[in-house]
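The values are calculated or read from the model by the stated rules, or taken from the named source; none is laboratory data. Owing to the predicted nature of the structure, the values given are computational and were not obtained by experimental measurement. Cβ placement follows ideal geometry from the backbone for every residue including glycine, while neighbour counts extend to all protein chains displayed.
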Amino acid sequence: MTQTTNKSSTKRFLEFIKPEKNQFYLLALCSVISNILVTSMPFIMGVAIDDLLKAIKDANGTILTGSFIQEIIIFPVVILIIIAVVSAFFSYVQERMMASLSEDVTLRLRKEITQKFKRLPMSFFDSHQVGDILSRTTNDINRIAEMLLTGINQLFSSIVNIIFGLLMLLYIDLKLTGIVVILIVFSSVVTTWVASKNKKLADRNQHELGILNNQAEEYFSGNLEIKTFNQQKQTATQIDQTNKKHQKAFEQSQFFDFAIYPAIRFLNQLAFIVSAIIGAGLVIQGSLTIGLIQAYLQYVNQISEPITNFSYVINTIQSAMASFDRVLYILDQPEERLEPKKPLRINDSQGEIQFKGVKFGYTPDNLLMNDVSFTAKSHKMIAIVGPTGAGKTTLVNLLMRFYEINGGAITYDGQDITQLTRQDLRSKFGMVLQNTWLFEGTVADNIAYGNKQATREEIIQAAQIAQCDHFIRTLPDGYDTIISSENGSLSQGQQQLLTIARVVLANPPVVILDEATSSVDTRTEAEIQTAMESVTKGRTSFVIAHRLSTIEKADLILVMDAGDIVEQGNHQELLNKKGLYRTLYQSQFKDS
Ligand SMILES: Nc1ncnc2c1ncn2[C@@H]1O[C@H](COP(=O)(O)OP(=O)(O)OP(=O)(O)O)[C@@H](O)[C@H]1O
């Protein structure tokens, strides 16, 4: 999928976190203070050691008194304790702030995405897979949160540690630091290279393992077919080949883990070892004190770890930026046309609908409907018929304004539907499709989805009209039974009856029904039929019809083909025309 972001994602991310700018500055300040304090500790300790050694030397063989030693040691120890406490405090503040900052930013991002979903057109949901959208809204946002929580903290701390550690190294010994820096940079370059190579090998190992698992599962579940077609030998050979590939990938990956990594660990210690050896020489020569060389060695450790980890931190940030990019992809999608500034309201709804020369295509350059016109009079039943792919569902989608038309107009009670808000327009419709949607909740809540204020009596009444009261009463908790995807206790027909009850309760002026084609038992089918008849009474109804009885009853039949309405009229008129309807009637409906 192509990304639509124009500016670099890092730039957009910095713009996005602008509201938290001051917190970031404060955070950086805390990091600087805490790390400067930590950096000063080895030096103070070094000076204290040197002072103690000097005192021992000055004493020239005489025994030092306890109080004298205390005087030399106590001051630096107290200072060190204070520094440790203050630094821990700042570090704590830094962590706490980062945690709340990470929550604030991700919460804002989640809210923006939620709002965006409300404004996205139907075509977006048609052209994107649920799994992909879910992954962008969960995994990717989590990765950004993770980066904010640890990555940024590590980045701040690494930079401050490296700068101040390096300054101290340079201050203690300029020349030795030159060698140390070269060694650290060399070892971190090698480590980064090895890490990326190792990741590739680990990925390959994972990939081969995935193939092996898939094959094993496939062959296991297809055991019967494999035996039937006498393919055992070939199957075993294939598994063997995949196994060998996996073994090779595994060996290479393990070799890196067990053979190369110890060498890398040694390389990372090289700067420390070299500075210890050279430092010892300098101490013997007298150009460096013991206290300072121990401080020096601590600084070498202090900077080599963040340098080695730097590529990891940068990786975390880069991968979070890639995630942010994937989230931006959603945020940058074109939105539904804006609602009218002063929307019209239809109070006394009649439910009369007109299509006037409607043109429509799911993509503007490929029109499906070229010129669709018809009038659905108030309280009349309109049957939509046509072969598969003729555009019946599309017509319904346009009625509800799930898509914008490319020409012509659709009116509701004489008003162009684009002059109403989508919410107002959709409140005039009730829909019963074949693919029912029930949510996890009680049966009563599911029925009351379109009318949350409904009383229990009203819910029961709607269920009675929709022919589902009797089976609801046989459920373990009646109307309070929780419907969940796991219990799967409701048959497809029962689910459809529930959605009819939902429409009855919502009491809209227009209903859209998709007659069942799926196989439900005869009794349920009869119940659905009765329920559908009740729900169409006193309302304008559009029925995607599959039964002759419905079609014959309809006041207007719209015969669709290749997106357009090719014939319209009532049953008898259309039969007389001897066109597509008659052909459909003879081939499909007659037997139903
Ligand atoms: N969301 C969509 N995006 C792009 N094309 C679509 C979309 N939905 C339907 N189409 C196409 O539009 C045409 C009409 O489809 P539609 O679903 O309206 O037909 P239908 O008469 O309801 O078919 P069926 O009886 O099989 O349900 C078909 O060619 C279909 O491939």
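Here are the numbers:
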quantity: Helices (runs of 4 or more DSSP H) contained entirely in segment 152-257, each with at least 3 residues that are polar (S, T, N, Q), over 30 Å from Gly286 (Cα atoms) and not assigned by TED's automatic domain parsing to the domain that holds Ser34; calculated: 174-221, 232-255
quantity: Residue within segment 491-506 that is closer than 26 Å to Phe360 by Cβ and either more than 16 Å from the ligand (Cβ to nearest atom) or touching a strand residue (DSSP E or B) at 6+ places or on another chain (Cβ under 6 Å) (or both) present; calculated: yes
quantity: Filter result for Gly361 (within 10 Å of the ligand (Cβ to nearest atom) and in contact with a Lys or Arg (Cβ under 6 Å, 6 or more places away or on another chain)); calculated: no
quantity: Subset of segment 116-151 [assigned to a helix (DSSP H, G or I) and within 16 Å of the ligand (Cβ to nearest atom)]; calculated: Met122, Ser123, Phe124, Phe125, Asp126, Ser127, Val130, Ile133
quantity: Condition check for Gln453: within 16 Å of the ligand (Cβ to nearest atom) and within 30 Å of Pro476 (Cβ to Cβ); calculated: no
quantity: Some residue of segment 269-288 being in contact with a Gly (Cβ under 7 Å, 6 or more places away or on another chain) and not small (Gly, Ala, Ser); calculated: yes
quantity: 1 or more residues away from the ligand (no atom under 16 Å from the Cβ) and hydroxyl-bearing (Ser, Thr, Tyr): qualifying strands (runs of 3 or more DSSP E) within segment 516-569; calculated: 540-544
quantity: Neighbours by Cβ (under 8 Å, 6+ apart or cross-chain): first from segment 109-126, at pLDDT 90 or above; second among the hydroxyl-bearing types (Ser, Thr, Tyr) and in a helix (DSSP H, G or I); calculated: Arg110/Thr137; Ile113/Thr137
quantity: Failed criterion for Leu338 (all others in (1) within 13 Å of the ligand (Cβ to nearest atom); (2) assigned to a loop (DSSP other than H, G, I, E, B) hold); calculated: (1)
quantity: Neighbours by Cβ (under 7 Å, 6+ apart or cross-chain): first from segment 260-286, assigned by TED's automatic domain parsing to the domain that holds Ala202 and more than 23 Å from Leu174 (Cβ to Cβ); second of a type in the set (A, V, I, L, M) and part of a helix (DSSP H, G or I); calculated: Ile260/Val194; Ile264/Val190; Ile264/Val194; Leu267/Val190
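Listed here are the residues, each with its yes/no results for (1) surrounded by fewer than 17 Cβ atoms within 10 Å (Cβ to Cβ); (2) away from the ligand (no atom under 16 Å from the Cβ).
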{"residue": "Ala383", "(1), (2)": "no, no"}
{"residue": "Val396", "(1), (2)": "no, no"}
{"residue": "Leu399", "(1), (2)": "no, no"}
{"residue": "Glu404", "(1), (2)": "yes, no"}
{"residue": "Asp413", "(1), (2)": "no, yes"}
{"residue": "Phe429", "(1), (2)": "no, yes"}
{"residue": "Gly441", "(1), (2)": "yes, yes"}
